[in-house]
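*Asks:* Here's a structure for you.
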Amino acid sequence: MQPFPVSGCNSRRLKPYLLLPVLIFLACNSRPLPPPPTDALANAYPKNLILLIGDGMGLTQVSTAIYDLEEKAMYDRFPVIGLQKTHSASDLVTDSGASATAIACGIKTYNHAIGVGLDTLPRMSILEMAEAEGMASGVIATASIVHATPAAFYAHHWMRVEYEAIALHLLDSGIDFFVGGGKKYFDRRADERDLIDELREKGYSIRDYFDTDLSAALINPAKKFGYFSADNRPVAAIQGRNYLPKATRMGMDYLEKSSEKGFFLMVEGSQIDWTCHSNKPNQLKAELKDFNEAIQEALKFYIDHPNTLIVLTADHETGGLAINKGSKAKRLDLEFTTNGHTATMVPVFAIGPGSQYFNGIYDNTELHKRLLKAMGWTSG
Ligand code: MG
Ligand code: ZN
């Protein structure tokens with residue numbers, strides 16, 4: 001049994017044929033969890049690491065996805081669950097800069113920092129470690145590519161809102177595949193440099209939403225690939241943005257061919273956070289559905305490539321979300337208690353070799369250490 005629809009089910013003996021599509025649908029949608037890795041794989045180091053981050057996705061956001069999407073929700077496919085404490089060095093309530101830096105670089109830092117410590121000096125990120133190991137790397141976001149969460153994986157800058165400075169770091173990051181918004185920070189800059197031209201000189205094929213739809217973009221396997229999904233912020237899922245699952249699938253397929261040593265890919269459902277800041281339940285549900293489809297793509301990849309570790313988590317909770325009395329599945333009465341972030345712990349879901357390290361309650365910096373341990377990059 002497969003855990004969810006991957007390819008058609010084989011039910012040739014069933015008649016009448018008119019019932020077949022219904023039966024296939026039912027069978028495909030009531031499938032159990034993915035099989036655990038075999039002992040041999042469980043004890044091996046993963047070849048690929050996929051980190052899925054729902055920005056602002058606390059336990060109530062996950063519950064919302066589960067009650068709203070019901071059997072389509074992917075969260076119960078992960079056999080290992082943990083809880084992560086998200087506080088920064090400066091505040092119990094973190095921002096996305098400090099929390100992404102904690103996950104990417106393993107250090108507690110001040111709110112608004114990107115890949116730097118309290119001393120504002122750079123710390124190596126897990127993406128940079130993967131590059132140093134000869135792995136391919138990718139970053140995908142539904143925010144701009146220079147926004148805090150993706151930035152903390154490739155940039156080192158003292159202040160998150162200096163997007164033009166952060167864009168410079170992408171040039172030298174060695175990232176093989178990126179998709180996100182923020183084109184204007186590359187080609188309409190105060191310093192008048194055209195970083196898109198510079199990326200092309202460095203061997204990237206760069207496309208954008210203006211010249212082609214992402215699905216139609218042909219990826220040259222001999223080149224690195226970057227796609228700008230917006231000039232600044234990509235539109236919301238409820239307005240029709242749907243590239244995240246596609247980009248995730250394209251990224252995994254491309255990166256898998258890019259290096260024999262495997263890949264690191266970070267995928268962010270960026271706008272879950274934004275819909276919670278603005279206290280918009282329907283917009284939140286659309287973002288959770290979109291992110292869930294990206295999770296599904298990663299799990300499909302895992303079924304075909306069980307030497308892949310997938311860790312799904314959040315950087316913090318946003319909105320202090322509650323599901324109120326009187327709610328029913330698909331008819332949730334959602335209420336927010338703040339338009340900011342909260343300090344509630346956020347869930348961690350893991351599957352694949354090394355996933356056994358992710359149960360328990362731990363800090364976001366410890367999440368980083370466990371990622372390294374799972375990859376075999378530390379002796380601890
Ligand atoms: Mg973010
Ligand atoms: Zn936020």
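*Asks:* I need the phi-derived Karplus couplings for the range 189-203: 6.51 cos²θ - 1.76 cosθ + 1.60, θ = phi - 60°, integer Hz, Gly and Pro marked x.
*Replies:* Calculated HN-Hα couplings, in order: 9, 4, 7, 6, 6, 10, 6, 5, 4, 5, 5, 5, 5, 8, x Hz.
*Asks:* Where Lys and Arg each count +1 and Asp and Glu each count -1, what net charge lies around residue 83 among other residues with Cβ under 12 Å from its Cβ?
*Replies:* Its environment carries a net charge of -2.
*Asks:* Report the Cα centroid-to-centroid distance between the range 285-302 and the range 109-160 in angstrom, as an integer.
*Replies:* The distance from the Cα centre of the range 285-302 to that of the range 109-160 comes to 23 Å.
*Asks:* So how long is each side of the range 42-375 along the principal axes, counting just the alpha-carbon atoms, biggest first, in Å?
*Replies:* Principal-axis extents of the range 42-375 (Cα, largest first): 58, 46, 44 Å.
*Asks:* Under the rule of at least 5 residues apart or a separate chain, name every residue whose amide H is placed under 5 Å from the amide H of residue 316.
*Replies:* 56, 57
*Asks:* Let me ask something else about it. Please give the peptides 352-362, 267-277, 289-299 ranked by average Cβ packing (other Cβ atoms within 10 Å per residue), highest first, as a rough proxy for protection.
*Replies:* Final packing ranking: 267-277, 289-299, 352-362.
*Asks:* Reachable lysines from residue 108, Cα under 24 Å, same-chain residues fewer than 8 places away excluded?
*Replies:* Correct list for residue 108: 85, 369, 373.
*Asks:* When a/c is below 1.5 the answer is rounded, else prolate if a/b is larger than b/c, else oblate, so apply that to the range 193-240 with a ≥ b ≥ c taken from the square roots of the Cα gyration tensor eigenvalues.
*Replies:* Oblate shape, in that a/c is at least 1.5 and b/c is the bigger or equal ratio.
*Asks:* Modelling each spin label as a point 7 Å along the Cα-to-Cβ direction, I'd like the residue 59/residue 369 distance in nm, to one decimal.
*Replies:* With each label placed 7 Å out from Cα toward Cβ, I get 2.3 nm.
*Asks:* How many percent of all Cα-Cα pairs in the range 51-154 sit more than 17 Å apart?
*Replies:* Value for the range 51-154: 59 percent of Cα pairs lie more than 17 Å apart.
*Asks:* If the label point is 7 Å along Cα→Cβ of residue 282, which residues in the range 333-356 have backbone nitrogen under 14 Å from it?
*Replies:* Under 14 Å, as judged by backbone N against the label point of residue 282, lie 334 of the range 333-356.
*Asks:* Still on this model: Quick one: which residues, 5+ away or cross-chain, put their amide H under 5 Å from the amide H of residue 80? H built at 1.01 Å from N.
*Replies:* Amide H neighbours of residue 80: 350.
*Asks:* Carbon-plus-sulfur fraction of the accessible area of the chain, 1.4 Å probe, in percent?
*Replies:* Roughly 54 percent of what the probe reaches on the chain is carbon or sulfur.
*Asks:* Also, I was wondering about something else. With a 1.4 Å probe and all protein chains in place, put 124, 345 in order of accessible area, largest first.
*Replies:* 124, 345
*Asks:* What lysines could a cross-link reach from residue 300, if we take a straight Cα to Cα line under 20 Å and drop same-chain neighbours fewer than 8 places away?
*Replies:* Of all the lysines, those that pass the test against residue 300 - Cα under 20 Å, at least 8 places apart if same chain - are 47, 72, 246, 257, 289.
*Asks:* Grab the DSSP H runs of the chain that are 4 residues or longer, score each as -39,500 (n - 2.57), total them, divide by all residues and round the 222 nm result to the nearest 500 deg cm²/dmol.
*Replies:* -10000 deg cm²/dmol
*Asks:* Leaving out ligands and nucleic acids, note down the accessible area per residue over the range 42-375 with a 1.4 angstrom probe, in whole Å².
*Replies:* Value returned for the range 42-375: 37 Å² of accessible area per residue.
*Asks:* Give me, ordered by chain and number, the residues 5 or more places off residue 264 or on other chains with an amide H under 5 Å from its own placed amide H.
*Replies:* Close amide H contacts, sequence-distant or interchain: 49, 136, 137, 138.
The values are calculated or read from the model by the stated rules, or taken from the named source; none is laboratory data. Since the model is a prediction, treat every value here as computed from it, not as a measurement. FYI the Cβ positions are ideal-geometry reconstructions off the backbone, even for glycines, and counts take in every protein chain you see. Heavy atoms of the whole protein, side chains included, go into the accessibility calculation; ligands, DNA and RNA do not. Shrake-Rupley method; radii C 1.70, N 1.55, O 1.52, S 1.80 Å.
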